[in-house]
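The next block holds one structure in the form of C-alpha cells; read it before the comments.
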Amino acid sequence: MDNTLLFKDLNLIPPLERALTKQGYTIPTPIQSKSIPDLLLGKDLIGIAQTGTGKTAAFVLPILQRMTEKYPRIIKTLVLAPTRELAAQIGESFSAYGEFLKFKHTVIFGGVSQGKQVHALARGVDILVATPGRLLDLMNQRKLSLNNIEFFVLDEADRMLDMGFINDIKKIITRLPQKRQTLFFSATMSREINNLAKTLLKNPIHVEVAPQATTVESVKQYLFFIDQPSKEDLLLELLRQKHLTRVLIFTRTKHRANKLALFLSKNNIFSDAIHGNKSQNARNQAIKNFKNGRIKVLVATDIAARGIDIDNISHVINFELPNEPESYIHRIGRTARAGADGTAFSFCAADERNYLRDIEKLIRQKIEVMDHTFHSETAKNAVGAAAKPPPKKQVGRNSRFKHKSNPISKNKRSFSKHAKFGSRFKHSHRRR
Ligand code: AMP
C-alpha cells in the first residue's frame, strides 16, 4: 500500500488546494508534511531547513489558512527575511498560494526609496514581508503598527545573525504582541540561534529536514584543479557545451563577478552579474532575464545569491571556492532543487587548496576530480603556504602571464569517453 501523504490529506481549505493544483504540487515536501498539521493547530515552530526544501510554502499555507477570512487591512502577519531577494520571493509565494483568497500583502526592503512602500502600507495590507532595517525605519517614522500581529515568521535566522541584524530584530520583537503564533527557521543551529529562538517561541514543535549531507548528495559534484590564469579559458570550454543550459557562477568578490560577466559577454555568452553594489532594479532585471532564459549565465556573490529562488539551474560553477565551507553547500544547493538533476563544478587553484580541504571535511566526502585540458598538478599538490590565499598585495601577481595549455594533456581529450562532458572532460582516477 502506498502511504505517500498528499496535500489533500492535510485538510487545507479549498482556495489553498486550488492554488496548489495550479502550481502543480500534489505531494508535500518533508518539511511541509511535518509542520503544516501542527501549524494549523496554532503551535509555534522551530524549523531547521535550508532554502530549496519547500519551507516557504510550509509557513505560507498554514498562515493563510489561519488568518480568518476577514479583510480589515491591518497587518496580522509579519515575515522577516534577511535579504531583499528572499523577501521578494516570499511575497511571490503569498501571491501564488493566496491567489484565491483576498488578502493583500506588501514587501518592504532597503536600498530603494521608501515612497512606494509607504504608499502601499497606507492603503492597508494584511501581510507584511520585510527586511529588518527598512521595517525598523518605517516603524520609527510611525508609518506602520505591529500591534495586531497574530503570526510572526523569522526566516533564515542564522543568516540574519551573520548579517548583523540581531539588534534590529530584538527591537522589532519588543513591539510585537505577546499573544501570537511564531515560526522560526534557520538552516543551521548554534547556541546563539537557540538563545534567540528561546526568547521568541512558546513550547515550539521542532522540525528538522534535509541534513546538509543529504542535500549535497543529490548534486553531482566535480572538481577541476587549475591555475588561476587558466580559469577563464576552462570556463569558456565548459560553457560552450550545450547541456549547460542555465548556469549560476559564484565568485568570492563583487569585483570578480563584474569582471567575469563582462568577459563572458565579450565572448558571446549572454550573462550578467548580481552583487551588493548593484541597484535593486538592476538585480531584479538580471534575475528576471536569467529566469526567462534571455541570459544563460548569472555570476553572483554568496550574499547576493542567497535565497534567490530559480528553478532548473542545470549547473553551479564555483569559479572561486568559498572561504567559508558552509557556503559551498548553500551554493551547490541552488541546483538539483525539488527533485531535479543538478551538477556542480568547482575550480580549485593552488591557493584555494585549503578551502577545498575544509569543504571536503564538512561534506565528509572527496569530490570527484575531472581530467581536463588545463589540469594543474601544482594546484592538486599544493600544501603549506602555497595552499593558502596569498597576502593581499600579491593577489594577481601572475595574472599578466597567459597560461599555455600543456600539449600532452590536450592529447588526452580524444581518449575521453565521458559523454556528459563531451570529448574534453573525463573523470580522473588518479590517487589524491
Ligand atoms: P523554498 O525552500 O521555499 O525556497 O522552495 C523551493 C522550491 O520548491 C520553490 O520553487 C517552490 O515553489 C517549490 N516547492 C515548494 N513546495 C513544493 C512541493 N510540495 N512540490 C514541488 N515543489 C515545491
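The values are calculated or read from the model by the stated rules, or taken from the named source; none is laboratory data. Values in this document were obtained by computation on a predicted structure and should not be read as measured data. Neighbour counts run over all protein chains shown; Cβ positions are idealised from the backbone, glycine included. These accessible areas exclude ligands, DNA and RNA; they are computed on the full protein's heavy atoms, side chains included. Shrake-Rupley method; radii C 1.70, N 1.55, O 1.52, S 1.80 Å.
The single condition among (1) assigned to a loop (DSSP other than H, G, I, E, B); (2) away from the ligand (no atom under 14 Å from the Cβ); (3) of a type outside the set (F, W, Y); (4) in contact (Cβ under 8 Å) with a residue 24 or more places away in the chain that K70 does not meet is (4).
So L128 clears everything in (1) over 15 Å from K171 (Cβ atoms); (2) open to solvent by 10 Å² or more (accessible area, probe 1.4 Å); (3) in contact with a helix residue (DSSP H, G or I) (Cβ under 9 Å, 6 or more places away or on another chain) except one condition, right? Which one? It is condition (2) that L128 fails. Restricted to the stretch 217-261, and to residues that are among the aliphatic types (A, V, I, L, M) and not in a helix (DSSP H, G or I), which residue is nearest to N318 (Cα to Cα)? Looking at residues that are among the aliphatic types (A, V, I, L, M) and not in a helix (DSSP H, G or I), I get I249. The criterion of being assigned to a helix (DSSP H, G or I) and open to solvent by 40 Å² or more (accessible area, probe 1.4 Å) does not hold for N203.
Remark: R84 falls outside the filter, which requires a residue to be at pLDDT 95 or above and away from the ligand (no atom under 14 Å from the Cβ).
Answer yes or no: is there a residue in the stretch 6-25 that is within 10 Å of V207 (Cβ to Cβ) and surrounded by 12 or more Cβ atoms within 10 Å (Cβ to Cβ).
If we filter the stretch 6-25 for residues that are within 10 Å of V207 (Cβ to Cβ), which is where we start, we get none.
Checked against the condition, which is being within 10 Å of V207 (Cβ to Cβ) and surrounded by 12 or more Cβ atoms within 10 Å (Cβ to Cβ), the stretch 6-25 yields no hits at all.
No other residue among I75, I27, I90, I31 is within 23 Å of N147 (Cβ to Cβ) and within 9 Å of the ligand (Cβ to nearest atom) apart from I90. Taking the criterion of being in a loop (DSSP other than H, G, I, E, B) and away from the ligand (no atom under 16 Å from the Cβ), the residues of the stretch 282-328 that qualify are G293, R294, I295, K296, T301, F319, E320, L321, P322, N323, E324.
Checking each residue in the stretch 334-357 for being of a type in the set (D, E) and either at pLDDT 90 or above or at positive phi (or both) picks out D351, E352. Here S113 fulfils each of the conditions (1) under 26 Å from the mean Cα position of the chain (by Cα); (2) within 26 Å of I27 (Cβ to Cβ); (3) of a type outside the set (K, R) apart from (2).
Of everything in the stretch 369-420, what is at pLDDT 50 or above, in a loop (DSSP other than H, G, I, E, B) and surrounded by 14 or more Cβ atoms within 10 Å (Cβ to Cβ)? Give them in sequence order. Give the steps one after another, and end with the answer.
Going residue by residue through the stretch 369-420, those that are at pLDDT 50 or above are 369-393.
Now narrow it down to the ones that are in a loop (DSSP other than H, G, I, E, B): 372-376, 382-383, 388-391.
Result: H372, T373, F374, H375, S376, A382, K388, P389, P390.
Checked against the criterion of being more than 30 Å from D302 (Cβ to Cβ) and open to solvent by less than 50 Å² (accessible area, probe 1.4 Å), the stretch 154-173 contains not a single residue that satisfies it.
Within the stretch 328-368, the set of residues being open to solvent by 10 Å² or more (accessible area, probe 1.4 Å), under 22 Å from D227 (Cα atoms) and not aromatic (F, W, Y) comprises A350, D351, R353, N354, R357, D358, E360, K366, E368.
Among residues of the stretch 7-26 that are within 17 Å of R66 (Cα to Cα) and assigned to a loop (DSSP other than H, G, I, E, B), those with a beta-carbon under 6 Å from a residue that is more than 13 Å from the ligand (Cβ to nearest atom) and polar (S, T, N, Q) at least six positions away or on a different chain give the pairs I13/Q65. For the stretch 226-277, the candidate set comprises residues that are open to solvent by 20 Å² or more (accessible area, probe 1.4 Å), within 27 Å of A387 (Cα to Cα) and among the basic types (K, R); within that set, the residue that is nearest to the chain's Cα centre (by Cα) is R252. The set of residues in the stretch 43-54 being open to solvent by less than 10 Å² (accessible area, probe 1.4 Å) and under 18 Å from the mean Cα position of the chain (by Cα) consists of G47, A49. Given the criteria among the hydrophobic types (A, V, I, L, M, F, W, C), within 16 Å of the ligand (Cβ to nearest atom), under 20 Å from L183 (Cα atoms) and out of contact with any His (no Cβ under 8 Å at 6 or more places or on another chain), does V129 qualify? Taking the combined requirement at face value, the residue does not satisfy it. Filtered by the rule that a residue be farther than 24 Å from N148 by Cα and away from the ligand (no atom under 12 Å from the Cβ), the stretch 38-67 gives a lone residue, I48.
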